[in-house]
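The values are calculated or read from the model by the stated rules, or taken from the named source; none is laboratory data. Please read all numbers here as calculations on a predicted model, not as lab measurements. With ideal geometry, Cβ positions are generated from the backbone for all residues, glycine too; neighbour counts draw on all protein chains shown.
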Ligand code: MTE
Ligand code: CO
């Protein structure tokens, strides 16, 4: 008890300093003195905790149990060919934790035994080859941080504001460090014939996902990856092997990769004809729209992250990315695009990876229309939704990189709206 009273005495002494901070307009600290959370000893401060092996494979605190992937049940007919969403609003920095990477499966998660898994290279090659996982481990490895965005990310927002939260409007993106072998080394091993111009990856899942990738891209920066964030790929992300196609639409990043065929022309697979093509207003469709355009979103404040502290110092943060390279600038508007300020980019700036931005401001308690606009190193500027529709119409569900607006009401509640 003496200890507690000593602490109480100390906190009383600290009151003046706290009050001074508040009047200086900085973060208003808790009024010291009366808060039992600091004056009383808590159980965790009194008793020893669980020992080292309580959780041999660690997991987040139980208090973080709400931070999880979530789906929107009505979007798809069943969960096997479906999608769930990364909780972007709860994350910081640029790396997505493995257990929170959104999932998109066309035929559920294949449970592949790595001992039985093989990667075949066939088609227009000098020597068709079949690699075991152990064979692949003998090629030089590289580590790269890349975002993966599904072409259908923000697809539900094409015709107007619909889903209330950046988890749902923008959560079909994740960014991890991959460890893998450059595809060009494997293709060189098989020897691509002069006529070989395209590569078709095929998945070992029941959807047998196939896409056509031009040889130049395959030779440039594609990886055959077996690790994410240092550990084995998760089953959901294609364990034991997936293709990484930096900056290009997620659909091409074939999971559970079992075969690479080299050909002289594209295969016109289902996923590049009936799906993953962009129907324009004139009834024609854009095809082979591989690169993911420059895009950004404010992750907090956002509908799942309202402002709960009232007026005063507020931290706005978000993510920006581009399939064309690095992000060079992010602008932020608090008034629906009338006035813009340059946000502060923080953390690593890596090509074809997520970039983190912040903008600290003093909220006067009036309503806000928050927007962010990213510009990439190739000079592409993120368009408004109106600008995008003027060019693409509203038929498509893919490649929506329009500027997102969040309305902040006077009580701090945030909603998905569209104003430009
Ligand atoms: N690969 C296979 N074999 N099967 C699939 O269903 N889905 C694709 C792609 N690769 C898919 C696949 C789609 S549409 C996307 S957006 C990404 O994987 C999703 O990757 P993720 O589940 O790791 O987020
Ligand atoms: Co996809």
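Which count do you get for residues in segment 57-87 that are away from ligand 1 (no atom under 13 Å from the Cβ), within 19 Å of residue 236 (Cβ to Cβ) and outside any loop (DSSP other than H, G, I, E, B)?
Matching residues across segment 57-87 total 3.
Being under 25 Å from the mean Cα position of the chain (by Cα), within 15 Å of ligand 1 (Cβ to nearest atom) and part of a strand (DSSP E or B): is that true of residue 208 here?
It is false that residue 208 is under 25 Å from the mean Cα position of the chain (by Cα), within 15 Å of ligand 1 (Cβ to nearest atom) and part of a strand (DSSP E or B).
Consider segment 88-100. How many of its residues are surrounded by fewer than 21 Cβ atoms within 10 Å (Cβ to Cβ) and under 17 Å from residue 231 (Cβ atoms)?
The number of residues fulfilling the criteria is 5.
With segment 290-358 as the region, which strands (runs of 3 or more DSSP E) entirely inside it contain at least 1 residues that are in contact (Cβ under 8 Å) with a residue 60 or more places away in the chain and more than 20 Å from the chain's Cα centre (by Cα)?
By residue number, 312-321.
Considering only segment 20-56, state which residues are modelled with pLDDT of 70 or more and not in a loop (DSSP other than H, G, I, E, B).
At the first step, the residues of segment 20-56 found to be modelled with pLDDT of 70 or more are 33-56.
Answer for segment 20-56, where residues must be modelled with pLDDT of 70 or more and not in a loop (DSSP other than H, G, I, E, B): 36, 37, 38, 39, 43, 44, 45, 46.
Does residue 195 satisfy being more than 21 Å from the chain's Cα centre (by Cα), in the same structural domain as residue 261 (by TED's automatic domain parsing) and within 19 Å of residue 243 (Cα to Cα)?
no
Test each condition in (1) surrounded by 18 or more Cβ atoms within 10 Å (Cβ to Cβ); (2) closer than 30 Å to residue 327 by Cα for residue 125 and report the one that comes out false.
(2)
Starting from segment 248-272, keep only residues that are closer than 16 Å to residue 172 by Cβ and assigned by TED's automatic domain parsing to the domain that holds residue 200, then list their pairs with residues that are within 11 Å of ligand 2 (Cβ to nearest atom) and assigned to a strand (DSSP E or B) whose Cβ atoms are within a distance under 6 Å, requiring at least 6 positions of separation or different chains.
From segment 248-272, the pairs are 250/148; 250/149; 253/148.
Going by the conditions given, is residue 99 free of Cβ contacts under 8 Å to residues at least 24 places away in the same chain, over 11 Å from the mean Cα position of the chain (by Cα), away from ligand 2 (no atom under 15 Å from the Cβ) and under 29 Å from residue 350 (Cα atoms)?
Details: free of Cβ contacts under 8 Å to residues at least 24 places away in the same chain: no; over 11 Å from the mean Cα position of the chain (by Cα): yes; away from ligand 2 (no atom under 15 Å from the Cβ): yes; under 29 Å from residue 350 (Cα atoms): yes.
Criteria not met by residue 99.
Listed here are the residues, each with its yes/no results for (1) touching a residue at least 12 places away in the same chain (Cβ under 8 Å); (2) assigned to a loop (DSSP other than H, G, I, E, B); (3) within 11 Å of ligand 1 (Cβ to nearest atom); (4) under 25 Å from residue 394 (Cβ atoms).
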{"residue": "151", "(1), (2), (3), (4)": "yes, yes, yes, yes"}
{"residue": "162", "(1), (2), (3), (4)": "yes, yes, no, yes"}
{"residue": "169", "(1), (2), (3), (4)": "yes, no, no, yes"}
{"residue": "225", "(1), (2), (3), (4)": "yes, no, yes, no"}
{"residue": "243", "(1), (2), (3), (4)": "yes, no, yes, no"}
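Could we say that residue 128 is without any contact (Cβ under 8 Å) to a residue 60 or more places away in the chain and either farther than 30 Å from residue 190 by Cα or more than 16 Å from ligand 1 (Cβ to nearest atom) (or both) here? Let's see the steps before the verdict.
Numbers: without any contact (Cβ under 8 Å) to a residue 60 or more places away in the chain: no; either farther than 30 Å from residue 190 by Cα or more than 16 Å from ligand 1 (Cβ to nearest atom) (or both): yes.
When the stated conditions are applied, residue 128 does not pass them.
Could you please let me know if residue 121 is away from ligand 1 (no atom under 14 Å from the Cβ), in contact with a strand residue (DSSP E or B) (Cβ under 6 Å, 6 or more places away or on another chain) and touching a residue at least 12 places away in the same chain (Cβ under 8 Å)?
yes
Quick one: which residue in 363, 340, 321 is surrounded by fewer than 16 Cβ atoms within 10 Å (Cβ to Cβ) and touching a strand residue (DSSP E or B) at 6+ places or on another chain (Cβ under 9 Å)?
340 is the lone residue from the list that is surrounded by fewer than 16 Cβ atoms within 10 Å (Cβ to Cβ) and touching a strand residue (DSSP E or B) at 6+ places or on another chain (Cβ under 9 Å).
Conditions tested, residue by residue: (1) at pLDDT 95 or above; (2) more than 29 Å from residue 279 (Cβ to Cβ); (3) crowded, with 19+ Cβ neighbours inside 10 Å; (4) touching a helix residue (DSSP H, G or I) at 6+ places or on another chain (Cβ under 6 Å).
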residue: 368; (1), (2), (3), (4): yes, yes, yes, no
residue: 373; (1), (2), (3), (4): yes, no, yes, no
residue: 378; (1), (2), (3), (4): yes, no, no, no
residue: 401; (1), (2), (3), (4): yes, no, yes, no
residue: 405; (1), (2), (3), (4): yes, no, yes, no
